[in-house]
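Reading through the structure tokens given below for one structure.
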Amino acid sequence: MLPSAAPLAAAMPMGREPVVDLHNVLLAWTWSPFTIGVDVAIVAVAAWYLRAVDRLDARHRTWSPWRTLSFLAGLATVWLALCSSVATYTGYTFVAHILQHLLLMVVAPPLGALGAPMTLLLQTSNRRFKTAVLKALHSRVFAVVRHPVPVFFMYYLSMYAFFLSPALGYAMAHMWLMDLINLGFLFGATLFWWPMVGIDPIPGGRINPGLKLLNLSLGVPVEAFLGIAMMMKRAPLAPIYSLASSHHGGALLWGASEMATVLAGIPIFVEWVRSDERAARRIDARLDAGLPPP
């Protein structure tokens, strides 16, 4: 039994899933060396971000408050996924596990990317540190890691390897491993959403909005097939979960991921239209000046 599950265990008989009520949601938090480390890391990153924004203000350089709000919301989402009662409920119901997965891979990374932390870091760092960061971002190792093929595997195909194999049950029986896997999911999702949002400087250039939409579209059948495969399972996905919970979790993954794809596609489509309009205006300006089109 998870050390943090005592309030739930006291509230429910053995063999039954815990009741989702306000008391459990507010009090059944996860406490462990890992979550304490996450708490410290989140507070440290938030403090750095706010201090960096203050530095820009002191130089009379503006920074959008929406970026700050978005980045802090991303950190809060990571905390909810790893340290709140959401993490505790994952020891009882697969629906909570999928909710945790969605928070880490679909909600937190784009929110963090919208905060443009790399831009803020480069604008407020000294030259030596800035040079080191840029060198790391343009290194061969990072070029391999951020390549679309490994990123596609980390974001989409790794879910098949994890959820449809005994790996899920083994990881839930060894929480230190589950913690590392969650961090891996968060890392892979960050690599996926960083160029999709496209605010921070991206090594290798920005992605065309059309390619962004294509990238999202490729994930639609992948996530749909995974959700359907979970719903068609005749046995629980892990020994600690019920069959009904496994099916409900698959339905949640299917529906929520498809909805997230549609919502993410809207601003990308708007970006695409605006980029075409800007290109058309540039061509018109050249023609009006008697210059040949580019």
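Here is how the numbers come out for the structure above:
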| read-out | value |
| --- | --- |
| Highest average packing first - 113-126, 253-266, 84-97, Cβ atoms within 10 Å | 84-97, 113-126, 253-266 |
| Highest average packing first - 127-136, 221-230, Cβ atoms within 10 Å | 221-230, 127-136 |
| For segment 190-201, Karplus couplings with θ = phi - 60° (6.51, -1.76, 1.60), whole Hz, Gly/Pro x | 5, 5, 6, 7, 4, x, 5, 6, x, 8, 5, x |
| Whole-angstrom gap from segment 127-152 to segment 27-69, using each part's C-alpha centre | 23 Å |
| Simple label model, 7 Å out from Cα along Cβ direction - R140 to F269, nm | 4.3 nm |
| Other-chain or far-sequence residues with amide H under 5 Å of S242's (modelled H) | F94 |
| Label-point gap, in nm, between H60 and A235 - each point 7 angstrom along Cα→Cβ | 7.0 nm |
| Counted charge near G219, where neighbours are those whose Cβ lies closer than 13 Å (Asp, Glu -1; Lys, Arg +1) | -1 |
| Charge context of S32, other residues only, Cβ under 11 angstrom, K/R +1, D/E -1 | -2 |
| Protein accessible area in segment 117-276, 1.4 Å probe - carbon and sulfur % | 73 percent |
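The values are calculated or read from the model by the stated rules, or taken from the named source; none is laboratory data. All values derive from a computational prediction rather than experimental measurement. Quick reminder, even Gly has a Cβ in these numbers, built from the backbone with ideal geometry, and neighbours come from all protein chains shown. Only protein heavy atoms, including side chains, enter the accessible area calculation; ligands, DNA and RNA are left aside. Shrake-Rupley method; radii C 1.70, N 1.55, O 1.52, S 1.80 Å.
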